[in-house]
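Report on the following structure.
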Amino acid sequence: MNRAEMPIVKKLVDLMQGTIQVESQIGKGTKITVTLPHRIAQNRDIKQFKEKTQEYDAACFHGKRILLAEDNELNAEIAITILSEAGFTVEHAADGIICVDMLEKADPDYYDLILMDIQMPNLDGYKATQTIRKFSDKKKAGITIVAMTANAFDEDKKNAYKAGMNWHIAKPIVVEKLMSALANILNKDTK
């Protein structure tokens, strides 16, 4: 850790109500000790947390197929694991061109929705969405497309909606928010 990073670390440790201790000896090195308080959760705390966070019925995920357009392999792997464990069937497209191609070749009711990364090589999420919206098959052209982007400013959301996307989810993914949003999307689509 260099001197420029120390104030940042100190501020983070202070925010977490912890302490930081630095011991240094010339020729031997530096020892940095960070101590953070942790409270052991009680059963009632865990129950209250679950009640607060799970405001959706996960049963609506079973049998639903998602087309995940994500160029970052690690992000894709994490998303596939999270979504699969929730009950979704997930197919992965490594960029916008592959996503458009997979949707075009699929039966009209094959995918229930698309999770679309915005910044991808070859064809970004905006252009992929615009291409999909021009499909002659109205069912495929009208598929629900959810923007997934680290850019969560109002302007970014407007651009996603302007491109034809239906929803916007910020990255990094917060599992409970993602699941709640997907449940909301799927419930709206079935009504």
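The values are calculated or read from the model by the stated rules, or taken from the named source; none is laboratory data. Note that this is a predicted model, so its numbers are computed, not measured. Neighbour counts are summed over all protein chains in view; Cβ atoms, including those assigned to glycine, are modelled from backbone coordinates with ideal geometry. Surface accessibility is based on the protein's heavy atoms, side chains included, excluding ligands, DNA and RNA. Shrake-Rupley method; radii C 1.70, N 1.55, O 1.52, S 1.80 Å.
Side notes on the structure shown:
- Hits in the range 139-154 (condition: assigned to a helix (DSSP H, G or I) and more than 21 Å from K177 (Cα to Cα)): K139, K140, A141
- Of all the numbered requirements in (1) farther than 15 Å from I66 by Cα; (2) assigned to a loop (DSSP other than H, G, I, E, B); (3) not aromatic (F, W, Y), D109 misses one, and that requirement is (1).
- Which numbered condition Y161 misses (of (1) aromatic (F, W, Y); (2) closer than 16 Å to C99 by Cα; (3) not in a loop (DSSP other than H, G, I, E, B)): (2)
- Residues of the range 113-146 satisfying the condition of being over 23 Å from K158 (Cα atoms) and charged (D, E, K, R): D137, K138, K139
- Residue in the range 122-138 that is farther than 24 Å from Y110 by Cβ, modelled with pLDDT under 95, open to solvent by 10 Å² or more (accessible area, probe 1.4 Å) and outside any helix (DSSP H, G or I) present: no
- Residue in the range 180-190 that is surrounded by fewer than 15 Cβ atoms within 10 Å (Cβ to Cβ), touching a Phe, Trp or Tyr at 6+ places or on another chain (Cβ under 9 Å) and modelled with pLDDT under 90 present: yes
- Within the range 79-101, restricting attention to residues that are farther than 25 Å from N187 by Cβ and in a helix (DSSP H, G or I), the residue that is most open to solvent (accessible area, probe 1.4 Å) is I97.
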